[in-house]
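Just below is one structure, and these are the notes that go with it.
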Amino acid sequence: MKATILKHPARTSNTSQPLEGGGSSGIIQPTLIKKKELAKRLSVSTRSIDTWVAKRLIAYIQITPRFYLFEFEAVLAALKKHYQVDARS
């Protein structure tokens, strides 16, 4: 089975969107992004992303042996938990 990737402009305020035809059901589908976009949003190198994937610190979806997709909010939460970042000011 071949995966189909839909390209869309980068979102800055909200990384989730309702499902098509969902109306007011409140079901949210995560937006998946590529490694380069994830690195850009986190201000790190793509090599850092590769390291985190290899160490299984962050969640990913492997499409092919060299192509991964990431859900930004899940990655951010995993990094905050691993590096014990406190949300308080």
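The values are calculated or read from the model by the stated rules, or taken from the named source; none is laboratory data. Note that this is a predicted model, so its numbers are computed, not measured. Note that each Cβ is placed from the backbone with ideal geometry, even for glycine, and that neighbours are counted across all protein chains shown.
Couple of notes before you dig in:
- Applying the criterion of at least 2 residues that are in contact with a Leu (Cβ under 8 Å, 6 or more places away or on another chain) and at pLDDT below 95 to the helices (runs of 4 or more DSSP H) found wholly in the range 31-89 leaves 72-82.
- Reported count of residues in the range 42-89, each being loosely packed, with under 15 Cβ neighbours inside 10 Å, closer than 19 Å to residue 31 by Cβ, of a type outside the set (A, V, I, L, M, F, W, C) and in contact (Cβ under 8 Å) with a residue 24 or more places away in the chain, is 1.
- Among (1) out of contact with any Ser or Thr (no Cβ under 6 Å at 6 or more places or on another chain); (2) closer than 15 Å to residue 38 by Cβ - the single one residue 64 does not satisfy: (2)
- The residues of the range 27-41 that are of a type in the set (D, E, K, R) and loosely packed, with under 14 Cβ neighbours inside 10 Å, listed by number, are 36, 40.
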